[in-house]
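Here's the structure we're looking at; comments come further down.
Read-outs: derived from the displayed coordinates by stated rules, not from any lab. On a predicted model such as this, the values are computed, not experimentally measured, just so you know. Here Cβ is always computed from backbone atoms with ideal geometry, including for glycine, and neighbour counts include all displayed protein chains.
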Amino acid sequence: MDGIVCEKPVDFCENSAYNNSMSLIHGVGDFFALDIGTTAIRLVQLSGDAQHGWTLQKFAYVPVEHKILEDGSAAGIRRLGETILGAVQQAGITTKNVAVGMPAAKTFTAIVRVDNQPEDELMNTIKYQLDKYIPMPLDEATVDYVSLGVCPNDATKAEVLISSSAVSFAESRLEMMESFGLNVIAQEPESLAMARALTPIGAQDARLIIDLGERSTDIVMMYKGVPRLVRSVPGGFALLIRTVTSALSVKEEQARQFILKFGLAQDKVEGQVFKALDSTLESFASELTKSIRFFQSEYMNAPVGGIILSGFAGMIPFIAEYIEAKTNVPTTQGNPWQLVRVSPEQQQVLQPVASEFAVAIGLAERSND
């Protein structure tokens, strides 16, 4: 697994507040990270810290049927709990403390600008103006916010990252985890965790980080160590599968295999997969271009140095070359393991699924302090 080991640990984030931001529920001490994905459960426990580097202690990857993840009945929740606890046991994790990812569809995240002022005054200002920034009544929301510091291109303004979720969802997730015997110390939007793991070490320019999920796509623009733009757009890998299924008259499972095996290669299966996906992916690339233009309208002197792909976007052959050609921005596959030391034995086990761990690693790289 080339590039999985960080030989020279570097502090990932200039802004230590962001490195431990968006708790929604705060806590300290040893913990493991839990990513309840759309197709698998992923667990990661790390030792170390951002300054000196991380070491992979324990992990698990357990494929899960979609219907189990979507079954909200008592029986469905029980099966999910059995799967999670089985993964915990498989990994050899003993702590009950867990940091859990929250799907983008269940959260609202935004970066707002207010007049620059001392930190305590800034936090009070935001506290009393939250109803202006979130799309739901305050009494129905769980909200967290953190200062990102002075706006890079306007010293009179400060930026604040705000994340919210419906109380009903946050509490139901908390109660579910507690029913499994786990202690939730933090719930964090998956997009922010993913960006923490994938932001290149020492990047001074802006990077657009893309996570193509099963149903939707998370987009985060990182600049000077913190998020400056957070979006979630509908349409994920499932849309690509349906497109190929219809165009090639094949079953969905075969379409999935075609996309992951041949990708956008025009010399494979007569380029049929590429032809089927071209229009859909061109619209996707257009969304990325819109995000870049919006960011640069807000940060006029900030160059966008690259696009980083994760999730299914990190698994489809030749999609990086396609997106780079459409956006004119260098595009690469992301490496969520860049700050994590992994043993040769662990690397061998992780090899087939390593690219899927961005959210879990990002959650695990939260500060313990």
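Could you sort the peptides 80-91, 300-311 by per-residue average Cβ neighbour count (10 Å cutoff), highest mean leading?
Per-residue Cβ counts within 10 Å, averaged per peptide and sorted highest first, yield 300-311, 80-91.
Given N residues in the stretch 77-169, what is its alpha carbon radius of gyration divided by 2.2 N^0.38 Å?
For the stretch 77-169, the normalised Cα radius of gyration is 1.48.
Please work out the Kirkwood hydrodynamic radius for the chain, using every pair of different C-alpha atoms, and report it in angstroms with one decimal place.
Mean inverse Cα-Cα distance, inverted, gives 21.2 Å.
Taking every Cα atom in the stretch 223-369, find the radius of gyration and the maximum pairwise distance Dmax, and write them in Å.
For the stretch 223-369, the Cα-based Rg and Dmax read 17.3, 55 Å.
Kirkwood hydrodynamic radius, computed over distinct alpha-carbon pairs, for the stretch 28-98: how many Å, to one decimal?
13.0
At a threshold of 8 angstrom on Cα-Cα distance, excluding pairs fewer than six apart, so keeping six or more, what relative contact order does the stretch 177-238 reach in percent?
Once divided by the residue count of the stretch 177-238, the mean separation gives 26 percent.
Cut-off under 26 Å on the C-alpha distance; same-chain residues fewer than 8 positions from Lys326 excluded. Which lysines are left, in chain and number order?
Correct list for Lys326: Lys224, Lys261, Lys268, Lys275, Lys290.
Over the chain, what is the relative contact order in whole percent, taking alpha-carbon pairs under 8 Å and six or more residues apart?
In percent, rounded to a whole number, it is 24.
Taking the Cα atoms of the stretch 305-369, report the difference between the largest and smallest coordinate on each principal axis, in whole Å and largest first.
Here the spans come out as 39, 31, 16 Å, largest first.
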